[in-house]
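One structure below.
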Amino acid sequence: QVQLVESGGGSVQAGGSLRLSCVASGSIFSINLIGWYRQAPGKQREFVAHITSGGYTNYGDSVKGRFTISRDNAKNTLYLQMNSLKPEDTGVYYCHVPRPGYNYWGQGTQVTVSS
């Protein structure tokens with residue numbers, strides 16, 4: 001079992017920044033891949049970024065160059081630094097850990113970007 005709790009969402013104007021956090025607890029000793037997804041109203045959940053235990057990162061095309069994912073293994077915490085935010089970045093952001101046969105999700109944190 002893995003529990004994920006996100007925080008750091010809020011409302012900002014376009015061009016602003018936010019930093020999201022995700023604290024992992026439970027059976028975390030073997031977490032290799034952990035990442036972020038987001039879901040806008042009326043749209044499917046979308047991949048944002050992920051990072052491996054070795055620090056390898058991958059980003060969705062829409063956030064490349066603006067978002068930075070990082071992790072602090074000592075604190076069991078995942079981060080997402082979001083810069084140059086756009087209205088289309090609005091949505092609920094979810095922390096995600098894939099495991100064989102199961103996907104763990106947090107409860108999500110709302111990000112709203114106004115123009």
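Observations on the structure shown:
- Segment residue 110-residue 14, length gained on full extension (0.36 nm per residue, minus Cα span): 33.0 nm
- Just the protein heavy atoms count here, and of the accessible area of the stretch 20-59 at 1.4 Å, carbon and sulfur take up 52 percent.
- Exposed loop positions in the chain were taken to be trypsin sites (Lys or Arg not before Pro) whose DSSP state is not H, G, I, E or B and which have at most 10 other beta-carbon atoms within 10 angstrom. Between these positions, the longest stretch is 65-115.
- Each Lys and Arg contributes +1 and each Asp and Glu -1, all at the Cβ; summed about the Cα centre of the chain, the dipole is approximately 60 debye.
- For the chain, the Cα gyration tensor yields ellipsoid semi-axes of 23, 14, 13 Å (square root of five times each eigenvalue, largest first, whole Å).
- Normalised by the number of residues in the stretch 8-115, the average gap of Cα pairs under 8 Å and 6 or more apart makes the relative contact order 35 percent.
- Here the Karplus curve 6.51 cos²θ - 1.76 cosθ + 1.60, taken at θ = phi - 60°, turns the phi angles of the stretch 77-91 into couplings of 10, 10, 10, 9, 8, 10, 10, 6, 5, 10, x, 6, 7, 4, x Hz, with x standing for Gly and Pro.
- Under 27 Å of direct C-alpha separation, and excluding same-chain neighbours fewer than eight residues apart, residue 86 reaches these lysines: 43, 64.
- Extended-chain gain in nm, criterion 0.36 nm per residue less alpha-carbon gap, residue 102 and residue 75: 7.3 nm
- Extension reserve of the residue 5-residue 56 stretch, reckoned as 0.36 nm per residue once the Cα distance is removed: 16.1 nm
- Measuring r between the beta carbons of residue 43 and residue 83 and using R0 = 30 Å, the FRET efficiency lands at 0.85.
The values are calculated or read from the model by the stated rules, or taken from the named source; none is laboratory data. Bear in mind the structure is a predicted one, so any value in this text is a computation, not a measurement. Here the Cβ is made from the backbone with ideal geometry for all residues, glycine too, and neighbour counts use every protein chain on show. Just so you know, the surface numbers come from the protein's heavy atoms only, side chains and all, with ligands and any DNA or RNA stripped out. Shrake-Rupley method; radii C 1.70, N 1.55, O 1.52, S 1.80 Å.
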